[in-house]
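Written below as structure tokens is the structure these notes are about.
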Amino acid sequence: MSIEQTSLSPTARSTIKRGRLRARIDREDLADVLASARICHLGVTVDGTVRVLPTAFGVDFDGPDRGGTLYLHGSVAARSLVDAPATDICVTVTVLDGLVLARSAFHHSMNYRSAVVLGRPRVVTGDDERSRALDAIVDQVVDGRSAHLRAHTKKELAATVVLALPMFEASVKARAGDPIDDAADIEAGGVWAGVVPLDEHVGETVTAADVEPGLTVPEHVRRLARGLPR
């Protein structure tokens, strides 16, 4: 995978103004956030009402769109996706790394990595790109999974709408480290402060009841269950 080596926040609306010290400027930071998540939130306006919906996504930094391509998919009956190409949309991804417990309620926080991608999506119409996009979405959930599945059928493709969002207009923020308490609260003492790390937990794999005898859990699934990086 190659990543376009340009800075983030190329436009006024994607330039971070509040909390600028937490802004990340490299596209490598965007890649880190996207690679660490399995779900995003899509913000789109439908019939004059803003909707924010959790959804699966896929990423191709070598995709045909400026800055690479973020793929979204859903039913052809989903108004949130069908109406999306008529306007700009917003996709957000958040990875929570820890709870920051300070000496005062005001300074409690979280350690996190987050990304926002803005832009006008396009509907993916070519069968080859649609198949690659759907494979990317599957592999975002479990790396390497698509290689073990049958090809998409024409019926499945006809029932699915795929959107491609350029990743050129994006921003990333992150926080790490200890609480930042007021000097007076530190000097006063008597209150514990620190960080509670958080991480994704993967449970024990459960084989479906209708899997034929003799089929074992494949390596790409066992790798996920062992908590190995993608």
### Query
Under 20 Å from the 7 Å Cα→Cβ point of residue 76, by amide nitrogen: which residues of region 135-168?
135, 151-164
## Note on the structure
The percentage of the accessible area of the chain (probe 1.4 Å, all protein chains present) made up of carbon and sulfur atoms, to the nearest whole number, is 56
### Radius of gyration and maximum dimension Dmax of region 133-230, Cα, Å
22.5, 68
#### Entry: Rounded D (µm²/s) - region 70-115, Kirkwood Rh over Cα pairs, Stokes-Einstein at 10 °C, 1.306 mPa s
114
### Summary
residue 176 and residue 35 label points (each 7 Å along its Cα→Cβ direction) are spaced in nm at 1.4
### Query
Which FRET efficiency, nearest 0.05, do residue 183 and residue 11 yield, Cβ-Cβ r, R0 25 Å?
0.05
#### Entry: Whole-number percent relative contact order across the chain, with pairs defined as alpha carbons under 8 Å at least 6 apart
25
### Task
In whole angstrom, note down how far apart the Cα centers of region 76-105 and region 173-196 are.
28
### Message
Leaving out ligands and nucleic acids, and using a 1.4 Å probe, what accessible area per residue does the chain come to in Å²?
### Response
59
### Query
Please state the equivalent ellipsoid semi-axes for region 1-97: what are the square roots of 5 times the Cα gyration tensor eigenvalues, largest first, in whole Å?
24, 17, 14
### Radius of gyration and Dmax over the Cα atoms of region 94-141, both given in Å
18.8, 56
### Query
Among all the lysines, which ones have a C-alpha under 23 Å from residue 17's C-alpha, if same-chain residues fewer than 8 places away are not counted?
173
### Task
Counting helices only, and only those DSSP H runs with n ≥ 4, report the 222 nm mean residue ellipticity of the chain as the sum of -39,500 (n - 2.57) divided by its residues, in deg cm²/dmol to the nearest 500.
-5500 deg cm²/dmol
### Task
Output the Kirkwood hydrodynamic radius of the chain, Cα pairs only, in Å rounded to one decimal.
19.9
### Message
Between 183, 164, 56, where does the largest GNM mean-square fluctuation fall for the chain, given springs only between Cα atoms within less than 10 Å?
### Response
183
### Query
Across 5 Å bins from the origin, how do the percents of Cα pairs in region 84-195 run, short distances first?
2, 10, 13, 13, 13, 11, 9, 8, 7, 6, 5, 3, 1, 0
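The values are calculated or read from the model by the stated rules, or taken from the named source; none is laboratory data. From a predicted model like this one, the values you see are computed outputs, not experimental measurements. Positions of Cβ are generated from backbone atoms using ideal geometry, with glycine treated the same way; all protein chains shown enter the neighbour counts. Ligands, DNA and RNA are stripped out before the accessible areas are found, and what is left, the full protein with its side chains, is counted by its heavy atoms. Shrake-Rupley method; radii C 1.70, N 1.55, O 1.52, S 1.80 Å.
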